[in-house]
């Protein structure tokens, strides 16, 4: 299995998989284990450290939007806060988004009903700071086709990235090159001060 094959399986099989319980489901195993393993292999030439996680949901419930994420442990170890690189699988189309994203749950807890407004404003500022990536990661807004606090939060938390249709997932070389670009943007954001723009504060947090 390659990274592209793993992504394609999730895109194609998730809608039907959600009609069955997730416990013991083969696709849940792919999202938690198989796809993260392929992503780790693709990341190997990029000199981590990286923490890779995949989530099909929690407990007995499938997620409205499954995800496969890469974390710099010095910045974040979960999708709750900080910022990270993530593949998001929309519910309304056969596609996958590669997104440099802000942590969603912490923003929802802190800002409540205004979290979407806060995240979009923050994302706009971060895109300006990463303007040198605008040509190679040109997608500045994503849609996930699912109502709810988390899917809408993921949409608002997006900074920049790419969108792949099914046909694009057969090009493993492109997927790996784009992943390297996404990691470069992730590292650039860290070097430029993270979410608050304060380089010295970010450096202290990394120590």
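Total residues in the stretch 125-179 satisfying the condition of being assigned to a helix (DSSP H, G or I), over 17 Å from the mean Cα position of the chain (by Cα) and either in contact (Cβ under 8 Å) with a residue 40 or more places away in the chain or more than 23 Å from residue 10 (Cα to Cα) (or both): the figure is 8. Could you go through the stretch 96-109 and let me know if any residue there is part of a loop (DSSP other than H, G, I, E, B) and under 22 Å from residue 138 (Cα atoms). For the stretch 96-109, residues part of a loop (DSSP other than H, G, I, E, B) and under 22 Å from residue 138 (Cα atoms): present.
Here residue 113 fulfils each of the conditions (1) assigned to a helix (DSSP H, G or I); (2) modelled with pLDDT of 95 or more; (3) over 24 Å from residue 181 (Cβ atoms) apart from (2). The set of residues in the stretch 111-124 being free of Cβ contacts under 8 Å to residues at least 40 places away in the same chain, out of contact with any helix residue (DSSP H, G or I) (no Cβ under 6 Å at 6 or more places or on another chain) and either surrounded by 14 or more Cβ atoms within 10 Å (Cβ to Cβ) or within 15 Å of residue 195 (Cα to Cα) (or both) consists of 121, 123, 124.
Selection of the stretch 56-67 for residues being crowded, with 18+ Cβ neighbours inside 10 Å and either closer than 20 Å to residue 107 by Cβ or touching a residue at least 60 places away in the same chain (Cβ under 8 Å) (or both) yields 63, 64, 65, 67. For the stretch 182-199, indicate whether the set of residues that are at pLDDT below 95, over 18 Å from the mean Cα position of the chain (by Cα), assigned to a helix (DSSP H, G or I) and buried (at least 18 other Cβ atoms within 10 Å of the Cβ) is non-empty. Checking the stretch 182-199: not a single residue is at pLDDT below 95, over 18 Å from the mean Cα position of the chain (by Cα), assigned to a helix (DSSP H, G or I) and buried (at least 18 other Cβ atoms within 10 Å of the Cβ).
Restricting to the stretch 68-81, and then to whatever is touching a residue at least 40 places away in the same chain (Cβ under 8 Å) and either assigned to a strand (DSSP E or B) or under 12 Å from the mean Cα position of the chain (by Cα) (or both), can you tell me which residue is surrounded by the fewest Cβ atoms within 10 Å (Cβ to Cβ)? Only one residue fits best here, namely 70. Only one entry in 147, 141 is under 19 Å from residue 93 (Cα atoms), surrounded by fewer than 21 Cβ atoms within 10 Å (Cβ to Cβ) and modelled with pLDDT under 95, namely 147.
The values are calculated or read from the model by the stated rules, or taken from the named source; none is laboratory data. From a predicted model like this one, the values you see are computed outputs, not experimental measurements. Note that each Cβ is placed from the backbone with ideal geometry, even for glycine, and that neighbours are counted across all protein chains shown.
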